[in-house]
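Encoded as structure tokens, the structure appears first; notes follow it.
The values are calculated or read from the model by the stated rules, or taken from the named source; none is laboratory data. Given the structure is predicted, the values throughout are model-derived calculations rather than measurements. With ideal geometry, Cβ positions are generated from the backbone for all residues, glycine too; neighbour counts draw on all protein chains shown. Heads up: the accessible areas ignore ligands, DNA and RNA and are worked out on the full protein's heavy atoms, side chains in. Shrake-Rupley method; radii C 1.70, N 1.55, O 1.52, S 1.80 Å.
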Amino acid sequence: QVQLVESGGGLVQAGGSLRLSCAASGRTLTSYLISWFRQAPGKERKSVAVISSIGTTSYENSVKGRFTIARDNAKNTVYLQMNSLKPEDTAVYYCAAGHQLGIYPYWGQGTQVTVSS
């Protein structure tokens, strides 16, 4: 079992930055693919960034060039650096872990990000 805990959310003005953390316990994340999802009120949960076990990354179009996903295997933690934040980035952000793209058995509880205009 992998337990994931997100942190780092909060309220920020448009144009600002936040760094989300996804800390794991129970197992090392080294072999896992990790994705950051977000869910805005009334909308579906959507993946915004993915990092493979070997560090390959991919991003949803709306966050490309603004968000960066990275992993620190020594700390068993994955980060999402979010720059140039926009009000439409407001959502609950979740991290998820799995061994196959699109299949994530393990989820964190989420952290709220609110971007004011």
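By DSSP, the beta bridges lying fully in the chain are antiparallel in about 90 percent of cases. The fraction of accessible area contributed by carbon and sulfur in the chain is 50 percent, rounded to a whole number (1.4 Å probe; ligands and nucleic acids excluded). A 1.4 Å probe run over region 1-64, with the rest of the protein chains in place, finds 54 Å² accessible per residue.
How would you order 6-19, 66-79 from highest to lowest mean count of nearby Cβ atoms within 10 Å? Show your work: numbers first, answer last.
Working: 6-19: 14.6, 66-79: 16.9.
The most tightly packed comes first, giving 66-79, 6-19.
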